[in-house]
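Okay, structure first, notes after.
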Amino acid sequence: MALTRKFGLSVLAVGLILACLVALVFQGLTLQKMMHFNRALPNVAVTPNAVAHTAQANFARAYALQQAQEFEAALRAYAGIAPEPHSRLEAAIDYNIANLHLQRALIAFRAEQSDVAVPLVALAKQAYRDLLRNHPTHWDAKYNLELSLRLLPDLPEHDPAQERNPERAPRSTGAVEAYRRLP
């Protein structure tokens, strides 16, 4: 009985060791593939077509353009990527496009070009809202939307019916109900 138990434990231990080795080899191959992909990105002319034209590679190039503050080229590069709907890549692209608009708006505000900055903030707010509609748990987008709203708060919608009927306006005395006596 004791011999059978020891044999069963040793088989289990050998099985666990083999499973760990298989997992380690798999992780090593995945890491090697990622390192090859990352090395191939900067050299577009040298990269094979399979690596050069993937959505992730195009995203990396668009992000590099954004970091170099080449906003128009980055916007075109992001627009040229066709990710799967509701994927993490789509969320990252939408988030970066919104950030791109917000960065350009901040630069325009610093240069005192509010005629350029205001529409860019409005574009950024709309892009963040669109992103949050599809990915409601994207906390960075929520935070940046809040920053955008601090820069340019949304104005309450103007109701033209209030101008035509001032007695219906909330501030008019006719809109306030008189106190009634309780029965």
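Nothing in this text is a laboratory measurement; each read-out follows from the coordinates by a stated rule. Here the structure is a predicted model, which is why all the values come from computation and not from measurement. We place every Cβ from the backbone using ideal geometry, glycine too, and count neighbours over all the protein chains shown.
Sorted on the mean count of surrounding Cβ atoms within 10 Å across their residues, most packed first, peptides 71-77, 4-10, 95-101, 58-64 read 95-101, 58-64, 71-77, 4-10.
Taking 0.36 nm per residue of sequence separation and subtracting the Cα-Cα distance, how much length would be gained by fully extending the chain between M35 and S114, in nm to one decimal? Could the numbers behind the result be given before it?
Values: separation 79, 0.36 × 79 = 28.44 nm, distance 4.40 nm.
Between M35 and S114, full extension yields an extra 24.0 nm.
Starting from the Cα of Q56, step 7 Å toward the Cβ, then list every residue of region 83-107 with an amide N under 11 Å from that point. The answer is none, because no backbone nitrogen lies closer than 11 Å to the label point. The peptide list 13-21, 81-89, 136-144, put in order of mean Cβ contacts within 10 Å with the highest first, becomes 136-144, 81-89, 13-21.
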